[in-house]
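Data block below; observations after.
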Amino acid sequence: MTYTGDVQVGGPADVRELSKLTVTKLAVGPFDNNAYLLRCTDTGEGVLIDAAAEPDRLLALITDQPLAAVVTTHQHGDHWQGLEQVVKVTGAATIAHPLDAGALPIAPDRLVEHGDRISVGVVTLEVIHLRGHTPGSIALLYDGGDGQQHLFTGDSLFPGGVGNTGKDPERFTQLYDDVVERLFDRLPDQTRVYPGHGKDTTLGAERPSLPEWRARGW
């Protein structure tokens, strides 16, 4: 089956097979969040990005294979409703940015900063701090070394714009600037973007709209 990234709450997961990593995307309710299970094809070790909700469905996705960690992209409650149950069953470590850690239901086992690395078996994810949606929002970048980058952006970047900044001009400017400088100025157009809600996109699909986003202020 060809991966599309178009998943629905209550529906099946979608799976993308890469050379060293399998990406499984699942939509969970009630807020139509995306959860991503990344699994190293060499070792079978996994990392879950956002145990958003419906822990039973997340655990069914994980099955009995090893889960090394759950990464929470930011502090908003719709991204961690399933965290405690998933960690209780799997024993996975928890990871978040220190500026958002205090709002999570359990204290993270590991705090990560911009530029840090998270291992998934023999591969690594790079932490990119994107300030504005929340103080400690992070994205995770996987570079497969084959000219294709995969970027998990939480609620900081979506098809059609950056994340919600509460109509605060300072927060918007910070998020917009971080997204431009740390994502668009650095990564190629073919970089695939996996957001915290909704469909996937690429940096190339969104790049022409950057001036419009800045002008409208959201």
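Quick notes
- Estimated FRET transfer efficiency (residue 19, residue 64; beta-carbon r; R0 30 Å; 0.05): 0.75
- Stokes-Einstein translational diffusion, the range 1-42 - Kirkwood Rh over all Cα pairs, 1.306 mPa s, 10 °C, in µm²/s: 148 µm²/s
- Calculated from backbone phi, Karplus (6.51, -1.76, 1.60) coupling profile of the range 144-159 in Hz, x at Gly/Pro: x, x, 10, x, 10, 10, 10, 10, 9, 9, x, 9, 8, 8, 10, x
- Working note: 222 nm ellipticity from helices only, DSSP H runs with n ≥ 4, each -39,500 (n - 2.57), summed and divided by the residues of the chain, gives -5000 deg cm²/dmol to the nearest 500.
- Spin-label pair residue 3-residue 89: with each label point 7 Å from Cα along the Cα-Cβ axis, the two points sit 2.3 nm from one another.
- For the range 180-211, trypsin sites (Lys or Arg not before Pro) are listed when DSSP marks them as loop and at most 16 other Cβ atoms sit within 10 Å of their Cβ; the list is 186, 199.
- More than 20 Å apart - percent of Cα-Cα pairs taken over the range 1-104: 34 percent
- Cleavage-rule hits, chymotrypsin sites (Phe, Trp or Tyr not before Pro), the range 113-214, DSSP coil, Cβ neighbours within 10 Å at most 13: none
- Principal axes of the chain: Cα extent on each, largest first, Å: 48, 37, 33
- Protection proxy ranking, highest mean first, for peptides 98-111, 128-141: 128-141, 98-111, where packing is the per-residue count of other beta-carbon atoms within 10 Å, averaged.
- Rounded, prolate or oblate (a/c below 1.5 giving rounded, otherwise prolate when a/b exceeds b/c) for the range 71-142 by Cα gyration tensor: oblate
A short reminder: the numbers here are calculations on the coordinates, not readings from a lab. Please read these numbers as outputs of a predicted model, since none were measured by experiment. Quick reminder, even Gly has a Cβ in these numbers, built from the backbone with ideal geometry, and neighbours come from all protein chains shown.
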